[in-house]
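*Asks:* Mind looking over this structure? Questions follow.
The values are calculated or read from the model by the stated rules, or taken from the named source; none is laboratory data. Because the structure is predicted, anything quoted here is derived from the model rather than measured. Cβ coordinates were reconstructed from backbone atoms using ideal geometry, including for glycine residues, and neighbour counts include every protein chain displayed. Accessible surface is based on the protein model in full, side chains and every heavy atom, while ligands, DNA and RNA are left aside. Shrake-Rupley method; radii C 1.70, N 1.55, O 1.52, S 1.80 Å.
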Amino acid sequence: MSESKFQLAVIVGSVREGRFAPVIANWFLGQVERRGDIVVDVIDLADVTDHGMPRDVDGFTERIGAADAYVVIVPEYNHGYPGPLKTAIDTVRVEWRAKPVGFVTYGGVSGGLRAAEQLRQVFAELHAVTVRETVSFHQARTRFDGEGEPIEPGAVELAAKVLLDQLAWWAFTLRAGRDARPYGD
């Protein structure tokens, strides 16, 4: 991996039929493409798992391990995050360590922020660093047009930029730290 680029795994955390996740993911990936410092790997749990359990555990673990940073695209279901996402996260252990995690959330009134708050606790236990900034869409289905673009793009594009700027700083800093001194058990 080039010193000027970092590997970002974008994890699409919903597996439900009829999910809105692809709209959110496609928009976010468009934001990522605007940058020159990211190599992206999209890990859509609907494609690589059976209700969260990876079909190819070794391959899933390798992809998580190869990333310098993560963005989890997560809906809020009943004040929490989807169970299959928890299963997938728990399938891997040391690969998460000393790496940054950001969130793009969506849902009803809270915009998925309660899901992100719970995930912050999970990732802290895995020794990952969650960044403060979050991109959030409340009443998400009403926030996008028929082409999958935000109706009011200004604030969410700025939020995505800030999130990606923070992830880049942490990704480069923590990668240098891991290279200089491996993170222990």
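*Asks:* Kindly check whether there is at least one residue in the range 74-81 that is in a loop (DSSP other than H, G, I, E, B), under 14 Å from the mean Cα position of the chain (by Cα) and of a type in the set (S, T, N, Q).
*Replies:* no
*Asks:* Is it the case, given these coordinates, that GLY184 is modelled with pLDDT of 95 or more and either in a helix (DSSP H, G or I) or open to solvent by less than 70 Å² (accessible area, probe 1.4 Å) (or both)?
*Replies:* On the way: modelled with pLDDT of 95 or more: no; either in a helix (DSSP H, G or I) or open to solvent by less than 70 Å² (accessible area, probe 1.4 Å) (or both): yes.
Judged against the criteria, GLY184 is not a match.
*Asks:* Go through the range 1-24 and report how many residues are outside any strand (DSSP E or B), more than 22 Å from ALA116 (Cα to Cα) and open to solvent by less than 60 Å² (accessible area, probe 1.4 Å). Let's see the steps before the verdict.
*Replies:* First, the residues of the range 1-24 that are outside any strand (DSSP E or B): 1-5, 13-24.
Keeping just the survivors that are more than 22 Å from ALA116 (Cα to Cα) gives 1-5.
Those left that are additionally open to solvent by less than 60 Å² (accessible area, probe 1.4 Å): 2.
Qualifying residue count, the range 1-24: 1.
*Asks:* Kindly list the number of the only condition in (1) over 19 Å from GLY107 (Cβ atoms); (2) open to solvent by 30 Å² or more (accessible area, probe 1.4 Å) that fails for ILE64.
*Replies:* Condition not satisfied by ILE64: (2).
*Asks:* Give me the pairs, please: first residue somewhere in the range 151-174 and under 15 Å from THR105 (Cβ atoms) and in contact (Cβ under 8 Å) with a residue 60 or more places away in the chain, second residue anywhere and open to solvent by less than 50 Å² (accessible area, probe 1.4 Å) and in a helix (DSSP H, G or I), beta-carbon distance under 6 Å, and either six or more positions apart or on two chains.
*Replies:* Here the result reads ALA160/GLN31, each pair linking the range 151-174 to a residue that is open to solvent by less than 50 Å² (accessible area, probe 1.4 Å) and in a helix (DSSP H, G or I).
*Asks:* Of the residues PRO75, PRO82, PRO100, only one is open to solvent by less than 50 Å² (accessible area, probe 1.4 Å) and closer than 19 Å to ARG175 by Cβ; which?
*Replies:* Working: PRO75 fails: closer than 19 Å to ARG175 by Cβ; PRO82 fails: closer than 19 Å to ARG175 by Cβ.
Result: PRO100 is the single residue among PRO75, PRO82, PRO100 that is open to solvent by less than 50 Å² (accessible area, probe 1.4 Å) and closer than 19 Å to ARG175 by Cβ.
*Asks:* If you scan the range 104-115, which residues turn out to be open to solvent by less than 10 Å² (accessible area, probe 1.4 Å) and either of a type in the set (Lys, Arg) or in contact (Cβ under 8 Å) with a residue 40 or more places away in the chain (or both)?
*Replies:* Scanning the range 104-115 gives VAL104, ALA115.
*Asks:* If you scan the range 124-154, which residues turn out to be assigned to a helix (DSSP H, G or I) and either hydroxyl-bearing (Ser, Thr, Tyr) or open to solvent by 80 Å² or more (accessible area, probe 1.4 Å) (or both)? It would help to see each step written out before you state the result.
*Replies:* Residues of the range 124-154 assigned to a helix (DSSP H, G or I): 124-125, 140-142, 153-154.
Passing the criteria: GLU125, ARG141, THR142.
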